[in-house]
Amino acid sequence: VYLKYLVDAGAKNIVLLCRKNCGPAVREAIELYKEKGVTVEVVFADVCNKEMLAEKLAKVQQKLPVIKGVIHAAGIIKDGMIEDLDWDAFESVLLPKVAGSMNLVSVLKENALDFFIMISSITSILGNIGQSNYAAANYFMNSLAAYLWQNNIPGYVFCWGPWAGK
């Protein structure tokens, strides 16, 4: 969805940062966009690892124009009632959204970003039974967007509702 939106909006160079292999639908989309003259660089890195992220993005920026926008859509769901959640259940959900967001902001702080979009959840505002860890992680992103705006960085957050078919 994000790739199509970016290409339709005129993006000619896209970096797709993944923790693991892309699925078949994403690979097909990448090939289609490459045929249309769009450069899609797939980079394998974990946004939770700041050093790895910095290293990989530095290599990308040697090949492509400077990164001008970010869509941070990482997330993990590990539901459970709060009394049943251990720290691992919180940390595994918090890290991609909290550490990932902060690492991206830190690593790209010298770039004059046109946008820094974070994909959050309506759960961060309304709550949801069994998703206290997920709500907290997403609420952090909401707060970070406000902080970025206060510091003249165009930070946005989109709080999605339930996904159809998921």
In the set 21, 13, the lone residue that is out of contact with any Phe, Trp or Tyr (no Cβ under 7 Å at 6 or more places or on another chain), among the polar types (S, T, N, Q) and free of Cβ contacts under 8 Å to residues at least 24 places away in the same chain is 21
If you go through 95, 148, 85, the only one that is touching a residue at least 12 places away in the same chain (Cβ under 8 Å), open to solvent by less than 40 Å² (accessible area, probe 1.4 Å) and either under 29 Å from residue 57 (Cα atoms) or hydroxyl-bearing (Ser, Thr, Tyr) (or both) is 148
The strands (runs of 3 or more DSSP E) lying entirely within segment 7-92 that contain at least 1 residues which are modelled with pLDDT of 90 or more and of a type in the set (Ser, Thr, Tyr) are 39-44
Exactly one of 112, 99 is within 22 Å of residue 133 (Cβ to Cβ) and either in a loop (DSSP other than H, G, I, E, B) or modelled with pLDDT of 90 or more (or both), and that one is 99
Taking segment 124-139 and keeping only residues that are crowded, with 17+ Cβ neighbours inside 10 Å, in contact (Cβ under 8 Å) with a residue 24 or more places away in the chain and within 17 Å of the chain's Cα centre (by Cα), one is left with 124, 134, 137, 138
Exactly one of 11, 25 is loosely packed, with under 14 Cβ neighbours inside 10 Å and either over 22 Å from residue 136 (Cα atoms) or small (Gly, Ala, Ser) (or both), and that residue is 25
How many residues of segment 151-166 are open to solvent by less than 50 Å² (accessible area, probe 1.4 Å) and either part of a loop (DSSP other than H, G, I, E, B) or not β-branched (Val, Ile, Thr) (or both)? The answer is 4
Per the filter on segment 98-116, residues open to solvent by 60 Å² or more (accessible area, probe 1.4 Å) and within 19 Å of residue 45 (Cα to Cα) are 102, 109
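The values are calculated or read from the model by the stated rules, or taken from the named source; none is laboratory data. Since we're looking at a predicted model, the values are computed, not measured. Glycine gets a Cβ as well: all are built from the backbone with ideal geometry, and neighbour counts include every protein chain shown. Quick note on the areas: whole protein, heavy atoms, side chains included, nothing else; ligands and nucleic acids left out. Shrake-Rupley method; radii C 1.70, N 1.55, O 1.52, S 1.80 Å.
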